[in-house]
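Visitor: Pasting in a structure now, in structure tokens, and then I'll have a few things to ask.
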Amino acid sequence: MELEEYGRLSTDDLVARLDRLKCEKDAVVLGHNYQVEAVQLVSDHLGDSLRLAQLATSTEANVIVLCGVDFMAESAKILNPEKTVLLPHEAATCPMAAMVTAPALEAFKAEHPRAAVVCYVNTTAEVKAVSDVCCTSSNAVDIVRALDTDEIIFVPDRNLAAYVATKTDKTIIPWEGHCYVHDNFVAEDIALAKGEHPGVPVVVHPECPPEVIAEADHVASTGGMVGLAAEHEELIVGTEIGLIQRMNREFPERRFYPLSSFAVCRTMKLTDLPRLVWALDNGVHEIVIPEPVRARAEGSLTRMLELSK
Ligand code: 13P
Ligand code: SF4
């Protein structure tokens, strides 16, 4: 069946087909917190990047459908070479991950021979393969602190690098990458939101610029933000707006306000329910990583998972 035909089916029909296909193919659906609500609702597990990587190592399913962006599906494949990993939309990429390439990083390493390389999980498999250890927004500070080296090259997010630098004694050598969604927040957004909702605490993602982080009450990964939502009657949330849908669903009696309603990651929104069912039915788009690259990238990811226990 063509993708367009799935688009004409009712939600109930799509959900029933998805359930049947999951059984037939022994599949699990892992969804990132920024996915559209219809995809969040049918995901077997929702999470931030670290949680998705951990789930990918613990699932017994043969097929992992990763509803998120490419680096998340690649991480699942790197950790599970024997499993089939599907990314429902081929164009669901993370622009920040494309801001550093393995050859450019190798040249940068040659300029800083004593530095260890920490790569944010928002990177390609090739970049992970030439890094010492990976990190996510939830464990970046702990990973950097755990390393023996004093000098750290941190790629590709300059804002996360700057945040980590404020939390450790290490010399952080940043790469000049950024996330276009989080880099757009400005300190004035916080002043405006606090004016509208006096006394309500603000949490921001560490991909936000330093001047935004400086004005926030909390800094957390998307998973960390869900934890904070459980603890606060009201919260101003500085990240992609998809997360607020999850918070509203899980804590209907609480109030969550987006720091900006314009914070939308376009590629995270490419996967909808018809596409997810079509992808599992047709086995697309399968993630394939050359074995030498995968094996080296696995070292960076497993080191991170070991350090995050
Ligand atoms: P989290 O790991 O915090 O969910 O972040 C992923 C991401 O891409 C943020 O933009
Ligand atoms: Fe990449 Fe930013 Fe989208 Fe996250 S929100 S996937 S960092 S572009």
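Visitor: With the requirement that a residue be touching a residue at least 40 places away in the same chain (Cβ under 8 Å), in a helix (DSSP H, G or I) and away from ligand 2 (no atom under 16 Å from the Cβ), what does region 16-40 give you?
Guide: Selection gives ARG17, LEU18, LEU21, LYS22, LYS25, GLU37, ALA38.
Visitor: Any residue at all in region 223-245 that's among the acidic types (Asp, Glu) and closer than 15 Å to SER261 by Cβ?
Guide: Within region 223-245, one or more residues are among the acidic types (Asp, Glu) and closer than 15 Å to SER261 by Cβ.
Visitor: Moving on to the next point. I need the full set of residues from region 76-111 which are closer than 23 Å to LYS269 by Cβ and not in a helix (DSSP H, G or I), in order please.
Guide: VAL85, LEU86, LEU87, PRO88, HIS89, GLU90, ALA91, ALA92, THR93, CYS94, PRO95, MET96
Visitor: Restricting to region 231-273, what's the tally of residues that are assigned to a loop (DSSP other than H, G, I, E, B), more than 16 Å from ligand 2 (Cβ to nearest atom) and either touching a residue at least 12 places away in the same chain (Cβ under 8 Å) or under 30 Å from GLU4 (Cβ atoms) (or both)?
Guide: So the count comes out to 5.
Visitor: Within region 258-275, identify whether any single residue is more than 30 Å from LEU14 (Cβ to Cβ) and surrounded by fewer than 16 Cβ atoms within 10 Å (Cβ to Cβ), and answer yes or no.
Guide: No, there is no match, as no residue in region 258-275 is more than 30 Å from LEU14 (Cβ to Cβ) and surrounded by fewer than 16 Cβ atoms within 10 Å (Cβ to Cβ).
Visitor: I've got another one for you. Identify all residues within region 112-130 that are part of a loop (DSSP other than H, G, I, E, B) and among the hydrophobic types (A, V, I, L, M, F, W, C); write none if there are none.
Guide: Of everything in region 112-130, those that are part of a loop (DSSP other than H, G, I, E, B) and among the hydrophobic types (A, V, I, L, M, F, W, C) turn out to be ALA115, VAL121, VAL130.
Visitor: Among the listed residues VAL212, VAL186, which satisfies the condition of being within 16 Å of ligand 1 (Cβ to nearest atom), at pLDDT 95 or above and β-branched (Val, Ile, Thr)? Break it down into steps so the answer makes sense when it comes.
Guide: Working: VAL186 fails: within 16 Å of ligand 1 (Cβ to nearest atom).
Matching residue, one of VAL212, VAL186: VAL212.
Visitor: Across region 178-206, which residue is farthest from ligand 2 (Cβ to nearest atom) among those that are of a type in the set (A, V, I, L, M, F, W, C) and outside any loop (DSSP other than H, G, I, E, B)?
Guide: If we take residues in region 178-206 being of a type in the set (A, V, I, L, M, F, W, C) and outside any loop (DSSP other than H, G, I, E, B), then ALA191 is farthest from ligand 2 (Cβ to nearest atom).
Visitor: For region 216-225, name all the residues that are buried (at least 20 other Cβ atoms within 10 Å of the Cβ) and more than 16 Å from ligand 2 (Cβ to nearest atom).
Guide: Result: ALA216, single match.
Visitor: Could you tell me whether GLY238 is at pLDDT 95 or above, among the small types (Gly, Ala, Ser), over 30 Å from CYS23 (Cα atoms) and surrounded by 17 or more Cβ atoms within 10 Å (Cβ to Cβ)?
Guide: yes
Visitor: Answer with yes or no whether VAL212 is assigned to a helix (DSSP H, G or I), closer than 21 Å to VAL121 by Cα and touching a helix residue (DSSP H, G or I) at 6+ places or on another chain (Cβ under 6 Å).
Guide: Criteria not met by VAL212.
The values are calculated or read from the model by the stated rules, or taken from the named source; none is laboratory data. Treat the numbers as computed from the prediction; the structure is a model and nothing was measured. Backbone-built Cβ (ideal geometry, glycine too); neighbour counts: all protein chains shown.
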